[in-house]
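S.K.: The structure follows.
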Amino acid sequence: MFENAEISPGDLPTVDSVDWQLMDSKFLRRILTESAIGFFFALVAVGVLHRILSTVPAGQDLSLGWLWAVPLLLSVPLFAWPLVSVPKKGYAIRERDIIYKSGVFWRTVTAIPFNRIQHVEKTSTPLDRRFQLASLQIFTAGGSGGDLKIHGLSAKKTEKLRFFILEKIGSSIEQ
């Protein structure tokens, strides 16, 4: 006979009881390095634009000092945001699922049961490899793209997690 017993809201597990693992400590430096590279290119672009606009005929007086304020104003969120957002990210591996949390203003917590996972990928950009970091991308049944991507893991930990998940889902481990 089919039974579907009611569960009291007080009996539900809370996310607060999860032992969250934070991103690798090099992840913040990697993001700040990426920001510094972007800031450098913004300065070069403003310099080139300033040089081009300064060739305006002598009869027109253009004040171009404000151009230099643009990259400086952009640098505040570019360098400050990672300091706020990275500590808010975390993941946890439980017996039957993997959970990922992120967000400062709009917080999200995503849980993916192992029995729904079809494929796991380890990816890294050249900058990730410079800092020995990687991302773990998890694909579930019916998804058109990766359903979960965890950035900022050490390359070794990413590979261990990938093997662990592949063992859990019963797939053959690919190199």
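S.K.: I'm trying to understand the selection: among the residues of the stretch 1-35, which are without any contact (Cβ under 8 Å) to a residue 24 or more places away in the chain and within 27 Å of the chain's Cα centre (by Cα)?
M.R.: Result: PRO13, THR14, ASP16, SER17, SER25.
S.K.: Ok, one more. What residue, among those in the stretch 13-38 that are open to solvent by 100 Å² or more (accessible area, probe 1.4 Å) and part of a loop (DSSP other than H, G, I, E, B), is nearest to LYS89 (Cα to Cα)?
M.R.: Initially, the stretch 13-38 is screened for residues open to solvent by 100 Å² or more (accessible area, probe 1.4 Å), giving 13, 16, 19, 22, 29.
When the remaining residues are screened for being part of a loop (DSSP other than H, G, I, E, B), the result is 13, 19.
Working: PRO13: 20, ASP19: 13 Å.
Here the answer is ASP19.
S.K.: Here's a check for you: in the stretch 69-96, which residue that is among the hydroxyl-bearing types (Ser, Thr, Tyr) and part of a helix (DSSP H, G or I) is modelled with the lowest pLDDT?
M.R.: My answer is SER75.
S.K.: Okay, moving on. Looking only at the stretch 82-96, which residues are surrounded by 14 or more Cβ atoms within 10 Å (Cβ to Cβ) and in contact (Cβ under 8 Å) with a residue 40 or more places away in the chain?
M.R.: PRO82, VAL86, LYS89, GLY90, TYR91, ALA92, ILE93
S.K.: Residues to consider are ILE165, ILE99, ILE150; find the one that is of a type in the set (Val, Ile, Thr), assigned to a helix (DSSP H, G or I), touching a strand residue (DSSP E or B) at 6+ places or on another chain (Cβ under 8 Å) and touching a residue at least 40 places away in the same chain (Cβ under 8 Å).
M.R.: Within the list ILE165, ILE99, ILE150, the selection yields ILE165.
S.K.: Then there is this: If you take the residues in the stretch 113-130 that are open to solvent by less than 30 Å² (accessible area, probe 1.4 Å) and not in a helix (DSSP H, G or I), which one is nearest to MET23 (Cα to Cα)?
M.R.: Top of the filtered list is VAL120.
S.K.: Do we find a residue being surrounded by 12 or more Cβ atoms within 10 Å (Cβ to Cβ), within 20 Å of the chain's Cα centre (by Cα), of a type in the set (Phe, Trp, Tyr) and on the phi < 0 side of the Ramachandran plot anywhere in the stretch 47-69?
M.R.: no
S.K.: May I pose another question? Please verify whether PHE79 is loosely packed, with under 14 Cβ neighbours inside 10 Å and of a type in the set (Phe, Trp, Tyr), treating the condition exactly as stated. Spell out how you get there, then give the answer.
M.R.: Numbers: loosely packed, with under 14 Cβ neighbours inside 10 Å: no; of a type in the set (Phe, Trp, Tyr): yes.
Here the answer is no, as PHE79 does not meet what is asked.
S.K.: Inspect the stretch 63-81 for any residue being without any contact (Cβ under 8 Å) to a residue 24 or more places away in the chain and either within 21 Å of TRP20 (Cβ to Cβ) or touching a Phe, Trp or Tyr at 6+ places or on another chain (Cβ under 6 Å) (or both) and give the result as yes or no.
M.R.: yes
The values are calculated or read from the model by the stated rules, or taken from the named source; none is laboratory data. Because the structure is a prediction, the values reported are computed rather than measured. When we count neighbours, we look across all protein chains shown, and the Cβ atoms used for this are built from the backbone with ideal geometry, even at glycine. Only protein heavy atoms, including side chains, enter the accessible area calculation; ligands, DNA and RNA are left aside. Shrake-Rupley method; radii C 1.70, N 1.55, O 1.52, S 1.80 Å.
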